Amino acid sequence: MSRLGIPSAAKSAFDALVLGSSEWFNWINVANEFQNVLKDKIPWDSLDKSGTDLIQRRLNSASPANQLLFNSFYVTMVAGFEGYLRETIKDLASKISSANRKFEDISVTLQRLHIRESAKLLRRIDSPPDYLNLNENELCRRLGTCVPGVKKVELNAEALAEIEGILKLENFLERASALGKPVSWGYLIKQQGVKDALYLKKENAKAVEKALQDELVSIARYRNRIAHLGGSAADVTSQIVSDHKMLLVSLVNAIEAA
């Protein structure tokens, strides 16, 4: 988590991803405008054959459809948000592990979460998720520290960060709360950045919460359609990319500051 205004590594990574994608998006659009401005001012007489051929190929090439750009940016952005959420959980779990807490100092909720989620990951030891590098020996060792009488509990951060439906936030909020981070729906919907991203001003808390949850469901649906349909998915528009980028950035900022 951030300390003294310094963003966490997870937030810095997400911010860099969004910025980099936005810069590429803008660069491509400006490149097309740049070409249109210069194409009538090219000094053809001063160019050799290779230069002339290069410019002709560029001028004769058709601009690709923006849909591929929208889809690529959207999937990458959403994956970056999910990555931020997982890294946040890992960070919280790692801080507890390094705090020399006794088993009795760990809440019953977190004790059970640690055991259950570690067991789930161990059941997948023969076919683990591609993005995880599992060490079954370390998983078992840390699981063995979560028993009465142990003076230093070490949590399996990777197991706790494996959250079903993480994008819709419900399970993430419960996991973060168990790990001691005070973030909830009530907290999120009070943040001005979140309300601005939802284009809501004076609506009551219940309406803001429903709007936020509905929008997260929509984000998951758009992402899934792109993942399964590829180039055939044409639902995401420039406005949707912009609106959902603003919402995800606002959520990361809110979670970071909790």
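Binning the alpha carbon pair distances of region 128-196 at 5 angstrom intervals from zero yields the distribution 3, 13, 17, 18, 17, 13, 9, 6, 3, 1, expressed in whole percent. Shape of region 172-249 from the C-alpha gyration tensor: oblate (a/c of 1.5 or more and a/b not above b/c, with a ≥ b ≥ c the square roots of its eigenvalues).
Using a probe of 1.4 Å on the protein chains alone, the accessible area found for Phe25 is around 30 Å². Remark: C-alpha extents of the chain on the principal axes read 85, 49, 39 Å, sorted largest to smallest.
If the chain linking Leu132 and Ser184 were pulled fully straight, counting 0.36 nm for each residue of separation and taking away their Cα-Cα distance, it would gain 16.0 nm. Heavy atoms of the protein chains alone define the surface here; on that basis the chain has 58 Å² accessible area per residue at 1.4 Å probe size. Short-range pairs are left out: with C-alpha atoms under 8 Å and at least six residues apart, the relative contact order of region 1-89 is 58 percent. Helix 66-97 and the longest principal axis of the Cα set of the chain meet at an angle near 20°.
Here Glu33 and Ile6 are evaluated by their C-beta separation; at R0 = 41 Å the FRET efficiency comes out at 0.60. Counting only alpha carbon atoms, the long axis of helix 9-38 and the longest principal axis of the chain meet at about 10°. Available extension along the chain between Lys210 and Arg141 is 20.6 nm, counting 0.36 nm per residue and deducting the alpha carbon span.
A 21 angstrom limit on the alpha carbon distance is what I want to check against. Which of Lys11/Lys102; Lys95/Lys168; Lys195/Lys245; Lys206/Lys245; Lys95/Lys181 exceed it?
Values: Lys11/Lys102 30 Å; Lys95/Lys168 25 Å; Lys195/Lys245 14 Å; Lys206/Lys245 23 Å; Lys95/Lys181 12 Å.
As for pairs spanning more than 21 Å Cα to Cα, those are Lys11/Lys102; Lys95/Lys168; Lys206/Lys245.
Rounded to the nearest 20 debye, the dipole size of the chain about its Cα centre is 720 debye, using +1 on the Cβ of Lys and Arg and -1 on the Cβ of Asp and Glu.
Counting every Cα pair in region 109-258, what percent are over 28 Å apart? Don't skip to the end; give the middle numbers.
Details: 4081 of 11175 pairs.
Summing the P(r) tail past 28 Å for region 109-258 gives 37 percent.
Per residue of the chain, the DSSP helices (runs of n ≥ 4 H) give a summed -39500 (n - 2.57) that works out to -21000 deg cm²/dmol at 222 nm. Here the accessible area is traced with a 1.4 Å probe on the protein chains. For the chain, carbon and sulfur cover 54 percent of it. Look at the Cα gyration tensor of region 1-78: its axes a ≥ b ≥ c give a/c of at least 1.5 with a/b over b/c, and that counts as prolate.
To the nearest ten degrees, helix 108-123 and the longest principal axis of the Cα atoms of the chain are 60 degrees apart. Equivalent ellipsoid of region 1-137: semi-axes from √(5λ) of the C-alpha gyration tensor, largest first, are 52, 18, 12 Å. Along each principal axis, taking the top coordinate minus the bottom one, the Cα set of region 88-160 gives 34, 23, 20 Å in descending order. Express in Å², to the nearest 10, the accessible area of Arg141 obtained by rolling a 1.4 Å probe over the protein heavy atoms while all chains stay in place. For Arg141, solvent-accessible area is about 100 Å².
The values are calculated or read from the model by the stated rules, or taken from the named source; none is laboratory data. Note that the coordinates shown come from a computational prediction; the quantities given were computed from them, not determined experimentally. Note that we place each Cβ from the backbone using ideal geometry, even for glycine, and neighbour counts take in every protein chain shown. All accessible areas refer to the heavy atoms of the entire protein, side chains included, with ligands and DNA or RNA removed. Shrake-Rupley method; radii C 1.70, N 1.55, O 1.52, S 1.80 Å.
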